[in-house]
1. Out of V88, V105, which single residue is in contact with a Phe, Trp or Tyr (Cβ under 8 Å, 6 or more places away or on another chain) and among the β-branched types (V, I, T)?
2. Could you say which residue among A89, A54 is free of Cβ contacts under 8 Å to residues at least 60 places away in the same chain, surrounded by fewer than 18 Cβ atoms within 10 Å (Cβ to Cβ) and at negative phi?
3. Could you grab me the full set of residues in region 317-328 that are more than 18 Å from Y39 (Cα to Cα) and either touching a Phe, Trp or Tyr at 6+ places or on another chain (Cβ under 6 Å) or part of a helix (DSSP H, G or I) (or both)?
4. Could you identify the single residue in E127, E123 that is touching a residue at least 24 places away in the same chain (Cβ under 8 Å) and not in a loop (DSSP other than H, G, I, E, B)?
5. Look through V49, V111 and report the one residue that is touching a residue at least 24 places away in the same chain (Cβ under 8 Å), of a type in the set (A, V, I, L, M), exposed (fewer than 15 other Cβ atoms within 10 Å of the Cβ) and not in a helix (DSSP H, G or I).
6. What's the number of the only condition in (1) part of a strand (DSSP E or B); (2) at pLDDT below 95 that P193 fails to meet?
7. Any residue at all in region 270-280 that is hydroxyl-bearing (S, T, Y), part of a loop (DSSP other than H, G, I, E, B) and within 23 Å of the chain's Cα centre (by Cα)?
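The values are calculated or read from the model by the stated rules, or taken from the named source; none is laboratory data. What you see is a predicted model; the values in this text were computed from it and never measured. In this analysis, Cβ positions are derived from the backbone assuming ideal geometry, glycine residues included, and neighbour counts consider all displayed protein chains.
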Amino acid sequence: MTADPAPPGPPDVRGGLIRVATIPQADPSGADPYGVGPYVDAVLPPDAVHVGPAADPSPWLDVAHLGAHAGQVDVLHLHLGDAHAAAVAGQCWAETVRRLGLPLVVTVHRVPPPGRAARSAVEARYEAHLEAVLATAEVVLTLTRGAADEIADRFGRTAIVVSHPSAAVPDPDLGAERGLVGLRLGPATAGVPDTEALVRAAMSGAVSGGGRLRVLTDDERHVGPAVRDLAARGELELVAHPRAGRPAQLQQLHVAVLPEPSGTHSRDLEVCRDVGTLVVAPTCSWAADQWSEVVSYATDATGVLDPLSLTGAVAAALTRPMPRPADRRWRAEQRAAVQRVHAAVYRQVAADRAWA
């Protein structure tokens, strides 16, 4: 049985702190400095405060917890991109948020590609959850213009576009190698089903452009025997590194290949902008909306790799000079602007609840 929520005290929208329950929330231990926590913290305005425990999965995905603690929250902010978190929330989560009268703000971090036939049950639940929360949210945010257009076309919601704040600070003692191409290898997915083909296409482009390929991974289980054989023969370099060490690895590159076929944005791209590394990314993403220093390669309608296009894009990228790292003052101003947008949104939806 769900407990009746305590009557919410209306927030002082003129002055005090706005109590925001974010899903997910930052890990106070800092155990995963490359997870979503730093982004959630970076966009939180000075006049707002996180409420509730920082646990994984978030207790705010539990409808019983929502009902019992609704009076402690002024704004519920869902950062939606994790298919497994959507599965935890279940079908009635958005209905419960509506029933409780909780102001819901949603930042869409990933829009699944339309029309993909081979869709897992988890991905199907994610899309259903996305549709439900977008229908419930008072305000929708996303991080690129292309993603906002997709959300409008497919879900009928207008999304406010906010920039991704700085994701890394360059190491002044760490240099980059001209001609070095890096490809981060993750697990095979529906969008990147053949990681060996991805590696071979990137390697061919690196060699054609007079450079070499370094395959990066933070989990050696993602590296198949064919890629290991290429490394053993000296045709590419294989580097395993901890997840937290990814910014330093990206800083050493001339070009970083980002294979992610879907999402509203790429955090790795923002790291590359911060440290001064060119990016090669698929056309089915909105990476080119994030930054001008992006060379695109083609994919098919479902986001599956076109190897020849990737080879050409890598070779073309190596003809470009390495960009300068992002100006730190500009990055600070950008973050302040993003926080002001969040502050305005939070105060508006909290005020609407107080007067409802």
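1. Just a single option satisfies the conditions, and that option is V105.
2. After applying the criteria, what remains is A54.
3. A317
4. So the residue among E127, E123 that is touching a residue at least 24 places away in the same chain (Cβ under 8 Å) and not in a loop (DSSP other than H, G, I, E, B) is E123.
5. Only one candidate qualifies: V49.
6. The one condition P193 does not meet is (1).
7. Yes, that holds for at least one residue.
To keep it simple, each residue is scored yes or no on (1) assigned to a loop (DSSP other than H, G, I, E, B); (2) basic (K, R).
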position: A135; (1), (2): no, no
position: V140; (1), (2): no, no
position: G146; (1), (2): no, no
position: I160; (1), (2): no, no
position: P170; (1), (2): yes, no
position: E177; (1), (2): yes, no
position: R200; (1), (2): no, yes
position: A206; (1), (2): no, no
